[in-house]
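Contents: one structure, followed by commentary.
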Amino acid sequence: MLNFKNEIAKFIAHAIDMQEVEIESFIETPKDKNNGDYAFPCFRLAKALKKAPPAIAEEIKQKIQIDEKYISKVEIAGGYLNFYINKKLQVEELLKAFSENEEYGKSDFGKEKNIIVEYSSPNIAKPFHIGHLRTTLIGNCLYRVYKYLGYNTTGINHLGDYGTQFGKMIESYKMWGKEYDLTEDPINKMMDMYVRINDLCKKDEVVLERCRENFKLLENGDKYCTSLWEKFKELSLKEFSKIYDILNVRFDSYAGESFYQDKMDEVIQILESKGRITESNGAKIVDLEDRGISTPCIIQKSDGSTIYATRDLAAILYRARTYDFDKCLYVVAYEQNLHFKQIFEVAKDLVDEKYVKGLEHVSYGMVSLPTGKMSTRLGNVVKIEELISETINKAKEIIEEKNPDLPNKDEVAKKVGIGAIVFNTLASTNIKDQIFDWNVALNFQGETGPYIQYTYVRTKSVLEKIEEFPELKSIKTEKLMDEYSLNLIDLLYNFEDTLKQVTFKNEPGILARYLIDVAKNYSIFYNENKIINEDKDLQNARVYLTNCVSKVLKQGAYLLGIEMPEKM
Ligand code: ARG
């Protein structure tokens, strides 16, 4: 499909003799179409050209040679150059792109680039709680979007399946294992066992010492300790898989912390050979004071055991070698900001600069429920499974009321309930804390997953009414020149660009808000423009556009992690 943004970038780059790619990355799409279809903010060049933005705008305008086939006019507004594109050409291009591609918006933009998305990564033997929902869903969306744009993408679940806490779990099992039947509700029981042993450790040094001993035995491959640890892991994974299945989340690798057990010595050796390691009270640390981080990174504890950070460093080394990554994204809550700052800094001594540049912590905020709700049954930790089933139940109640005759209510309720959760989780910017409130998330008329699904169902019911779907060559594009159609066309045209923005910023919220825009604009189009019409040319054009909207909503929702019901 003709890329107007890219054409404009070429014109500008040619006029002032600059790199097209860079210019293109500056071009914006104004919200208010009175400011053009595309705008170039000249202040971006102020430094390089040593001129004030309005003067730059003036200069470009004078030198630029635009092709009128693409651009109908260029205007200066303050420090901006506003470009108005040839709308008819845009409509033609868009409709053609839809007729030619089964998967509109898919591209090979990222080809030959390797991306790792690390997400979810829960700790085994502990509940999967509401905070994990965000890493799981943000990561899943990024994974899907990068893939759709042609990146060679690997999804990793860096399971928290190692560390001194397993020494405690093993001790707990040795002491009280007989009291717990782990065939049922294993995670909660393991959690109980952990809390119980932890309390005891606080009171009794001897027990604590035994726990430490257990972890050492585990590290050295002791049979009994290893078999217990494997049991805890297997039981946990079984529970986590249930959640991944409901949410339709997949990983290419489950290489968690334990995977790096035999890969940490090398890390320590490399750091030692570079003179980065110092001793502090018997522990090995990397001092980062000279690099602007006042807390040192501990690499090995005084008892010789390694820690979380060491395993992360080993993972960086391993991933650089195995995946030759261009980007390695860590979707992890902001509580771990310092941790990632530290390990990214230490990584400079471990891997090539190219890899260090690719490391990125995709940090996100907290999630909570409105106080007083769901608390009694769930205790303090909100379990995802219960949140999901509660939401599906509520969705079912709404559907029951709105459309009592719907045949497959359970299936639809599942899609709507999960759609509500996924959208609510992804709609805000990553870093914002959020509250999960059913009244908001399940509002069919609000900015929600169900609203997008509802709009999709609407497009489907329009398309169902049509006896014969029109062919592209019969479409008269001049029938789509009204304001409502053009707004929609412009949005659909920007689908791929929106996906790119998601990857540039690693913010799924950009896609979520985009889909709301599409849905809202379709509702306006639907209310203002009679689709089923005596004027058959008009009808065909509007039906064709409806089908395009339908496809973008479905594909976009899939990329977010939402499935569409065909009726609701
Ligand atoms: N298991 C950790 C937790 O649940 C998150 C792991 C994040 N990833 C990493 N590479 N450190 O808090």
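The values are calculated or read from the model by the stated rules, or taken from the named source; none is laboratory data. For clarity, every value in this text was computed on a predicted model and none was experimentally measured. Because the Cβ atoms are built from the backbone with ideal geometry, glycine has one as well, and the counts that use them run over all protein chains shown. These accessible areas exclude ligands, DNA and RNA; they are computed on the full protein's heavy atoms, side chains included. Shrake-Rupley method; radii C 1.70, N 1.55, O 1.52, S 1.80 Å.
Once you mark the GluC sites (Glu not before Pro) that are in a DSSP loop and have at most 15 other Cβ atoms within 10 Å, what is the longest gap between them in the chain?
Result for the longest clean stretch: 185-466.
What shape does the stretch 219-365 take by its C-alpha gyration tensor, where a ≥ b ≥ c are the square roots of the eigenvalues and a/c under 1.5 counts as rounded, a/b above b/c as prolate, and the rest as oblate?
On the way: a/c = 1.86, a/b = 1.29, b/c = 1.45.
Oblate.
Could you state the angle between the C-alpha long axis of helix 264-273 and the longest principal axis of the C-alpha atoms of the chain, as a value from 0 to 90 degrees rounded to the nearest 10?
90 degrees
Just the accessible area per residue of the chain, please: how many Å² with a 1.4 Å probe?
46 Å²
Summing -39500 (n - 2.57) over the DSSP H runs of n ≥ 4 in the chain and dividing by its residue number, what mean residue ellipticity at 222 nm do you reach, to the nearest 500 deg cm²/dmol? Kindly include the intermediate steps, with their values, before the conclusion.
Details: 23 runs with 311 residues, N = 568.
The per-residue figure over the chain is -17500 deg cm²/dmol.
Through the Karplus equation 6.51 cos²θ - 1.76 cosθ + 1.60, θ set to phi - 60°, convert the phi angles of the stretch 305-322 into ³J(HN,Hα) values in whole Hz; use x for Gly and Pro.
7, 8, 10, 2, 5, 4, 5, 5, 5, 4, 5, 4, 4, 5, 5, 4, 6, 7
Enumerate the amide H contacts of residue 364 below 5 Å, restricted to partners 5 or more residues apart or on another chain; note that Pro and chain-start residues carry no placed amide H.
Here the answer is 332, 333, 334, since their amide H atoms fall under 5 Å of that of residue 364.
Give me the percent of accessible area attributable to carbon and sulfur for the chain, probe 1.4 angstrom.
47 percent
Distance between the C-alpha centers of the stretch 52-81 and the stretch 178-240? Whole Å please.
Their Cα centres are 68 Å away from one another.
What do you get for the angle between helix 384-402 and the principal long axis of the chain? Use alpha-carbon atoms, 0 to 90 degrees, nearest ten.
Helix 384-402 and the main axis of the chain meet at about 30 degrees.
If amide H atoms are built 1.01 Å from N in the plane of the peptide, which residues on other chains or at least 5 residues away come under 5 Å of the amide H of residue 71?
The list, which skips near neighbours in sequence, is 86.
Using +1 on the beta carbon of Lys and Arg, -1 on that of Asp and Glu, and nothing else charged, what's the dipole of the stretch 103-170 about the Cα centre, debye to 20?
Approximately 140 debye in magnitude.
Between helix 337-347 and the chain, what is the angle of the helix's C-alpha long axis to the longest principal axis, kept within 0 to 90° and rounded to the nearest 10?
80 degrees
Please work out the C-alpha center-to-center distance from the stretch 433-467 to the stretch 104-168 and express it in whole Å.
About 27 Å separates the Cα centre of the stretch 433-467 from the one of the stretch 104-168.
Classify the stretch 42-178 from the C-alpha gyration tensor, please: rounded if a/c falls under 1.5, else prolate or oblate depending on whether a/b exceeds b/c. If you can, show how the numbers build up before the last one.
Values: a/c = 4.30, a/b = 2.35, b/c = 1.83.
Prolate, since a/c reaches 1.5 and a/b exceeds b/c.
Leaving ligands and nucleic acids out of the surface, order 158, 129 by accessible area at 1.4 Å, largest first.
The ordering from most to least exposed comes out as 129, 158.
Please list, in order along the stretch 509-518, the HN-Hα scalar couplings obtained from phi with the Karplus expression 6.51 cos²θ - 1.76 cosθ + 1.60 (θ = phi - 60°), rounded to whole Hz, x for Gly and Pro.
x, 4, 6, 4, 5, 4, 5, 4, 4, 4
Tell me the trypsin sites (Lys or Arg not before Pro) within the stretch 115-172 that lie in a loop according to DSSP and have at most 12 other beta-carbon atoms within 10 Å.
Passing sites in the stretch 115-172 do not exist.
How far apart, in nm, are the 7 Å Cα→Cβ label points at residue 289 and residue 385?
The answer from the label model is 5.0 nm.
Please state the shape class of the chain: rounded when a/c is under 1.5, otherwise prolate if a/b exceeds b/c and oblate if not, all from the C-alpha gyration tensor.
In terms of gyration-tensor shape, oblate.
With charges only on Cβ, +1 for K and R and -1 for D and E, what is the dipole size of the stretch 395-452 about its Cα centre, in debye, rounded to 20? Please report the intermediate quantities before stating the final value.
Numbers: 6 positive and 9 negative charges, 34 e Å.
My answer is approximately 160 debye.
Pairs 460/505; 394/432; 202/238; 31/96; 113/551; 479/530: which exceed 21 Å Cα-Cα?
460/505; 394/432; 202/238; 31/96; 113/551, as the Cα separations exceed 21 Å there.
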